[in-house]
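Undergrad: The following block contains the structure, expressed as structure tokens.
Please treat every number below as a calculation from the coordinates, not as lab data. This one's a predicted model, so the numbers in the text were calculated from it and none came from an experiment. Note that each Cβ is placed from the backbone with ideal geometry, even for glycine, and that neighbours are counted across all protein chains shown.
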Amino acid sequence: MFRDGKLSSYKISTAKLSHGKFMSENKQGDTQVEIIVPPNPLKSKVGVSGSGSLDFGPIERAEKALEQLSVEFDDWLSEEVDLLLLARDRVIEEGLTAETQAKLYLASHDLKGQAETYGYPLITRVCASLCKLLDTATQRSLIPAEIIDHHVNAVRNMMKYKMKSTKHPQGSAVTNKLIDVVLEFADFEDKKRAKLKLDQK
Amino acid sequence: MDRIKKVAFDRISFLVVDDSSHTRHLVRTILYTFGSRTIYEAEDGAQGLEIIESHSPDIIIVDCLMPMLDGFELIQLVRNPVSCKNAFVPIIMLSGHSQKHRVLSARDVGVTEFLCKPISTKLLYERIESVIRKPRQFVQNDYYFGPDKRLDENGRRYGPAQCAEEEDDEFECVETPERFVQRWETFLV
């Protein structure tokens, strides 16, 4: 397929794969593929040496650099929580449309990824729960607005009252409750999805 | 003799694609302290694609969800040897999402490595070291062009072109899709 042009200089062989799955569920069985061994200019460029344990020097230096950077984390968190609040406000004003949901999801997703680095693992868990809520609904209109609100308020309060530890009594109680509610909602939606599937058959 | 693995990071150029300026700042700081001095940044996939075309970075670190062109779409465009001159470039996806379906999606569009946030400096270093030291062979069929992630029945990299140098290597980076997913499932929140 790519014998012509730029790939022709690479070592290419053809194999017939017959064991198990290939790349996804619907592509099982025998699959004709080309195996390509690209050149590795990177290895010669960086001159990797040694074969033993990892060089922990750079890792330790990076850890120290992050520690120095951590004085900024509260400000960064505050900026990202503001984006989440803004996204929630738009949901209140305009309703949960495709656009407002996407904004809310993106803000929650970013916070989920970053909050633990900023020292707020509970916020990561609350945002993971909010993402799951937005992910699992069969219909946008069925997502309970008050559950969205509770998540966003929880995030704001965790930042405000510096609920950093996962063992914080109020913080963890609120987080667990939110997760339970979302799991219950997800379970309900899953059952509904399964029923819809059955009805279609 | 068990010598420490060293990588000359100052010779590698990176592209960090993430819509969050804070994440880009964090990753840039980490890469800088690793020794890299050429770090490009893009706030979405479209900008990332321009930099890939113009600067051909050695390694790409990409977020999954971004406005405009997201990480998955960007990887799909890069893993097209007809239109992208840098189709074999190692791509590490750094994502806040670790659900199975997202990891599978990343694998299916041709990601080289998948790393979950929060960012771990050690894991990031290991992934970078791994993509340099042990680049995967690529496979190409009607549905897919990208790194081969499967093992044969004996647990070896599938295909005729197994790298002899890997035999002495203590780290296993090649894996079946199932193992790839399994590894990341442990990070599920």
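Undergrad: Calculate one ³J(HN,Hα) per residue across segment B:80-88 by plugging θ = phi - 60° into the Karplus curve 6.51 cos²θ - 1.76 cosθ + 1.60, and present them in order as whole Hz with x for glycine and proline.
TA: 10, x, 6, 9, 10, 6, 10, 5, 8
Undergrad: Contour minus end-to-end for A:F188 and A:S78, with contour as 0.36 nm per residue of separation and end-to-end as the Cα-Cα distance?
TA: 36.2 nm
Undergrad: Over 23 Å between Cα atoms, which of A:K112/A:K192; A:K45/B:K6; A:K112/B:K100; A:K103/A:K192; A:K64/A:K164 qualify?
TA: Working: A:K112/A:K192 28 Å; A:K45/B:K6 13 Å; A:K112/B:K100 17 Å; A:K103/A:K192 26 Å; A:K64/A:K164 21 Å.
Going by Cα-Cα distance, A:K112/A:K192; A:K103/A:K192 fall outside the 23 Å limit.
Undergrad: Apply the a/c threshold of 1.5 to the C-alpha gyration tensor of segment A:44-140 and tell me whether it is rounded, prolate or oblate. Mind dumping the intermediate values first?
TA: Values: a/c = 3.20, a/b = 2.13, b/c = 1.50.
Because a/c hits 1.5 or more and a/b exceeds b/c, segment A:44-140 counts as prolate.
Undergrad: Right, something else. Suppose each label sits 7 Å from its Cα in the direction of the beta carbon; what would the A:L196-A:K177 distance come out to in nanometres?
TA: So the two model labels end up 3.0 nm from each other.
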